[in-house]
1. When residue 106 is evaluated against the numbered criteria (1) surrounded by 17 or more Cβ atoms within 10 Å (Cβ to Cβ); (2) acidic (Asp, Glu); (3) at pLDDT 95 or above, which criterion, by number, is the only one it fails?
2. Counting only residues that are buried (at least 23 other Cβ atoms within 10 Å of the Cβ) and in a strand (DSSP E or B), which one in the stretch 27-53 is nearest to the chain's Cα centre (by Cα)?
3. State yes or no: is residue 11 touching a residue at least 24 places away in the same chain (Cβ under 8 Å) and under 28 Å from residue 145 (Cβ atoms)?
4. Only one of these is touching a strand residue (DSSP E or B) at 6+ places or on another chain (Cβ under 8 Å) and either at pLDDT below 95 or in a helix (DSSP H, G or I) (or both): 73, 115. Name it.
5. Across the stretch 54-85, what is the number of residues that are surrounded by fewer than 13 Cβ atoms within 10 Å (Cβ to Cβ) and of a type in the set (Asp, Glu)?
6. As an exercise: evaluate residue 24 against (1) surrounded by 15 or more Cβ atoms within 10 Å (Cβ to Cβ); (2) in contact (Cβ under 8 Å) with a residue 24 or more places away in the chain; (3) part of a helix (DSSP H, G or I) and give the number of the one condition it does not meet.
Amino acid sequence: MKKKILFLCTGNSARSQMAEAIVNSRYGDKFIAYSAGLNPASHINPYAVKALMNMMGIDISDKYPKAMDVFTNEEFDFIITLCNKGKEQCINYVGKPIFAHWGFDDPADFKGNENEIMLQFNKLLTFLNTRIGYFVNLPMEKLDRLALEIKMSEIGTASCDV
């Protein structure tokens, strides 16, 4: 049975959308990912769409931001927050998902000309892809819940200044 992951961030317009797309396109045989935001944006960030397409050939242009309330009655194996607001938010979900925090700066705050902003998105995507790679390769069947929580937390503390 596939493990279910929910990625949470502020607007669900970049970080969580990119993470969901990476998991579903590259690791869909073992995992199914979803994403949501605390305060969903009106649309997907165009730089996120461009970065995913250019670097990984993944198209998310048809996706849209969703509120985390959409998933309150869903059971997840893992919930991963990608922003500090998501980490601080009191979240109640069915079951006992394992929570992890992998904080990244908010891409909505990226500054510069178009090339500079794209470089920041490419770097963010690289960090997300790396952390997801570490996560999906954890020996989950050999780790108890506490060990898995520790390993996921360690993944989230890797230096990823964007």
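The values are calculated or read from the model by the stated rules, or taken from the named source; none is laboratory data. Being a predicted model, the structure only gives us computed values, none of them experimental. Cβ placement follows ideal geometry from the backbone for every residue including glycine, while neighbour counts extend to all protein chains displayed.
1. (3)
2. Checked the stretch 27-53; the qualifying residue nearest to the chain's Cα centre (by Cα) is 35.
3. Working: touching a residue at least 24 places away in the same chain (Cβ under 8 Å): yes; under 28 Å from residue 145 (Cβ atoms): no.
Judged against the criteria, residue 11 is not a match.
4. Values: 115 fails: touching a strand residue (DSSP E or B) at 6+ places or on another chain (Cβ under 8 Å).
73 is the lone residue from the list that is touching a strand residue (DSSP E or B) at 6+ places or on another chain (Cβ under 8 Å) and either at pLDDT below 95 or in a helix (DSSP H, G or I) (or both).
5. Qualifying residue count, the stretch 54-85: 4.
6. (2)
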